[in-house]
Amino acid sequence: MAIITLTTDLGSKDFYQAALKGSILSILPNVNIVDVTHEVPAFNISYAAFVLKNAYTYFPKNTVHLIGIDSVFNENTKYVALRYKEHYFVGADNGIFSLLFDDGPDELVELNIMQDLKFLHFPLVDILVKAAVHLAKGGRLKEIGIPADDIEQRMLLHPVIERDIIRGSVIFIDTFSNVITNITKDLFTKVQRNRDFSLYFRKSETITQLSWHYNEVPEGEKLCLFGISNHLEIAINKGKASGLLGLHLNDIVRVEFHP
């Protein structure tokens with residue numbers, strides 16, 4: 001059965017999400033629709049990219065991932081469909097794909113599907129749905145678009161390395177209030193070189209030990225670990241780290257490695 005995943009900022013209290021799913025099912029009744037999330041903060045491209053990047057690889061090849069972030073009509077908006085590592089992606093070319101992928105897409109087209117004027121303010125249920133359904137049915141990219149050379153680029157804030165120090169920042173706070181930074185496991189290991197470390201945040205807070213899992217410390221104690229995203233996380237066992245430790249998006253964290 002064909003699979004279409006949905007990643008949007010539509011929320012769940014309005015009719016928008018239902019309209020999106022109804023539009024898909026009206027064309028392809030037997031499709032398997034999977035919600036990645038509809039709770040992306042409005043227009044937050046980097047948030048959506050982080051969530052989908054850590055989710056899409058778990059899906060079977062040829063899954064179609066429909067992205068509805070900042071996709072409203074604009075004279076300069078370009079809608080694209082692409083193939084990357086045996087997955088298909090459809091959405092507005094607003095920089096999100098450059099944050100999703102480590103390299104360029106394997107195949108890319110700018111969609112040339114005719115816009116239905118009655119959906120001018122909601123192209124997600126029109127152009128993007130039609131493209132996603134076409135791909136889910138086994139259609140080819142070149143049948144719905146014009147070959148394109150590149151995608152819109154957007155830069156993420158990267159950690160700064162200063163000899164024995166990594167300065168990073170908070171990029172995501174999950175449902176459990178775990179605080180996820182932009183320091184990856186690969187970067188940490190490369191700079192660490194098997195040395196002890198101290199993780200500093202919020203002035204006086206410090207962690208000096210990596211944990212393998214959240215229950216490795218007593219309940220209520222803080223910890224750090226590399227979670228499923230392979231990014232350095234700050235957490236509290238059975239607690240809400242973001243609120244209790246006063247950590248928020250874009251806050252600075254610092255890792256110092258000792259001789």
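The values are calculated or read from the model by the stated rules, or taken from the named source; none is laboratory data. Because the structure is predicted, anything quoted here is derived from the model rather than measured. Positions of Cβ are generated from backbone atoms using ideal geometry, with glycine treated the same way; all protein chains shown enter the neighbour counts. These area figures cover heavy atoms from the full protein model, side chains too; ligands, DNA and RNA do not enter into them. Shrake-Rupley method; radii C 1.70, N 1.55, O 1.52, S 1.80 Å.
Given the criteria β-branched (Val, Ile, Thr) and either in contact (Cβ under 8 Å) with a residue 40 or more places away in the chain or under 24 Å from Leu156 (Cα atoms) (or both), does Ile228 qualify? Considered against the rule, which asks whether it is β-branched (Val, Ile, Thr) and either in contact (Cβ under 8 Å) with a residue 40 or more places away in the chain or under 24 Å from Leu156 (Cα atoms) (or both), Ile228 comes out as yes. Do the conditions hold for Ser177, that is, is it in a loop (DSSP other than H, G, I, E, B), under 30 Å from His258 (Cβ atoms) and in contact (Cβ under 8 Å) with a residue 60 or more places away in the chain? Spelling it out, Ser177 is indeed in a loop (DSSP other than H, G, I, E, B), under 30 Å from His258 (Cβ atoms) and in contact (Cβ under 8 Å) with a residue 60 or more places away in the chain. If you go through the stretch 205-219 and keep only what is open to solvent by 100 Å² or more (accessible area, probe 1.4 Å) and within 26 Å of the chain's Cα centre (by Cα), you end up with just Trp212. When each of Arg202, Arg193, Arg163, Arg167 is tested for being open to solvent by 40 Å² or more (accessible area, probe 1.4 Å), more than 27 Å from Tyr16 (Cα to Cα) and modelled with pLDDT of 95 or more, the lone residue that passes is Arg167. No other residue among Val133, Val191 is touching a helix residue (DSSP H, G or I) at 6+ places or on another chain (Cβ under 7 Å), part of a helix (DSSP H, G or I) and of a type outside the set (D, E, K, R) apart from Val133. In the set Ile146, Ile183, Ile151, only one residue is open to solvent by less than 50 Å² (accessible area, probe 1.4 Å), at pLDDT 95 or above and not acidic (Asp, Glu); that residue is Ile183.
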